[in-house]
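Laboratory data are not the source of any read-out in this text; all were calculated from the coordinates shown. This is a predicted model, so every value here is computed, not measured. FYI the Cβ positions are ideal-geometry reconstructions off the backbone, even for glycines, and counts take in every protein chain you see.
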Amino acid sequence: MKTYKQQVEEAVDFLKCHIKRPPAIGIMTGTGLGESIEALEVKKSFEYKEIPNIPVSTVQSHHGRLISGTLEGLDVIAMQGRFHLYEGYSPLEVTFPVRVMQQLGVQVLILTNAAGGLNLEFSAGDIMVIEDHINLSGENPLVGANDDEWGDRFPDMTDVYDKNLAEIAYQAGRSCGAELKKGVYAGLKGPSLETSAETRFLRQIGADAVGFSTVQEAIAAVHAKMKLLGLSIITNINDPDNPTADTVEAIIEVAQQAASKLSGIIQGIAKELASK
């Protein structure tokens, strides 16, 4: 039986046959955000089922496609669709794309997601730069034997999200006419949405947005010593004193409406990185 590392290496070997230069930037798109990379000049595209050992994305609006191309002259690899703990995947399976990107040479990783707003100063359609996160999933992709070639046994998590990338994102947002928010992202396991009591608890512990992804990938990215930027589309506002029923369809619709704006911001970030 193949080890996890062997499975990653097999996927990497397949991709290296088609992707000749190490990508400078990796992008993982969230729910309803597959079109947030529309500015990417596509060179190669692979369905996940074509790539050895990669899981299958089962969630609505997650295309299940890996794209290689260029953005503002930089080589980029993008995942249209991610994997979630609530789909039944393990933390190692959820972070499989991060390990593939690590082995391909990615140094900068941009994680995007659709999130519920907990900060009542936010509005649906806002974009939040993740300054920090709270892992409430009960899971961690680093549990088990550590591979010292991939990263340290006990990676420091006091500075997960790169401040320089965050500042570039704020500037890119202003150039696109969007004033980005900032805040703390709480990562839950899902798939059930939060109760009013849970929403109050999340706000009390300092969370500004909540979702079911991103945290596992962020931990793996820190372990891999990548520079990390997290961007959340606020799809709805969770007010425990005035609760409203939310549907996945409505959440996806808001995310899709914001995808073009997010695409412009990501393009602006790439432009700034390319100039350095």
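From Pro191, Pro155, which residue is surrounded by 15 or more Cβ atoms within 10 Å (Cβ to Cβ) and in a loop (DSSP other than H, G, I, E, B)?
Details: Pro191 fails: surrounded by 15 or more Cβ atoms within 10 Å (Cβ to Cβ).
Every option except Pro155 fails the conditions.
So which residues in the range 246-272 are more than 17 Å from Leu180 (Cβ to Cβ) and crowded, with 20+ Cβ neighbours inside 10 Å, if there are any at all? So that I can check it myself, show each step before the final result.
In the first step, residues of the range 246-272 are kept if they are more than 17 Å from Leu180 (Cβ to Cβ); the result is 246-253, 256.
Across the range 246-272, the qualifying residue is only Ile251.
Across the range 175-188, what is the number of residues that are assigned to a loop (DSSP other than H, G, I, E, B), surrounded by 15 or more Cβ atoms within 10 Å (Cβ to Cβ) and either in contact with a helix residue (DSSP H, G or I) (Cβ under 7 Å, 6 or more places away or on another chain) or among the basic types (Lys, Arg) (or both)?
So the first thing to find is which residues in the range 175-188 are assigned to a loop (DSSP other than H, G, I, E, B), and the list is 176-180, 188.
If we keep only those that are surrounded by 15 or more Cβ atoms within 10 Å (Cβ to Cβ) as well, we get 176, 178, 180, 188.
Checking which are either in contact with a helix residue (DSSP H, G or I) (Cβ under 7 Å, 6 or more places away or on another chain) or among the basic types (Lys, Arg) (or both) leaves us with 176, 178, 180.
Residues in the range 175-188 being assigned to a loop (DSSP other than H, G, I, E, B), surrounded by 15 or more Cβ atoms within 10 Å (Cβ to Cβ) and either in contact with a helix residue (DSSP H, G or I) (Cβ under 7 Å, 6 or more places away or on another chain) or among the basic types (Lys, Arg) (or both): 3 in total.
All but one of (1) touching a residue at least 60 places away in the same chain (Cβ under 8 Å); (2) surrounded by 17 or more Cβ atoms within 10 Å (Cβ to Cβ) hold for Leu66, so report the exception by its number.
(1)
Just give me the residues in the range 184-219 being without any contact (Cβ under 8 Å) to a residue 60 or more places away in the chain and among the β-branched types (Val, Ile, Thr), in sequence order. Walk me through it before giving the result.
First pass over the range 184-219, keeping only residues without any contact (Cβ under 8 Å) to a residue 60 or more places away in the chain: 184, 187-188, 192, 195-198, 200-201, 204.
The answer is Val184, Thr195.
Considering the range 204-233 alone, what residues qualify as being part of a loop (DSSP other than H, G, I, E, B) and farther than 22 Å from Ser90 by Cα?
Pass one, the range 204-233, residues part of a loop (DSSP other than H, G, I, E, B): 205-208, 212-214, 224-226.
Hits for the range 204-233 are Ile205, Gly206, Ala207, Asp208.
Check Asp126, Asp147 and return the single one that is surrounded by 14 or more Cβ atoms within 10 Å (Cβ to Cβ), of a type in the set (D, E, K, R) and closer than 24 Å to Gln80 by Cα. Before you say what the answer is, go through the steps one by one.
Values: Asp147 fails: closer than 24 Å to Gln80 by Cα.
Only one candidate qualifies: Asp126.
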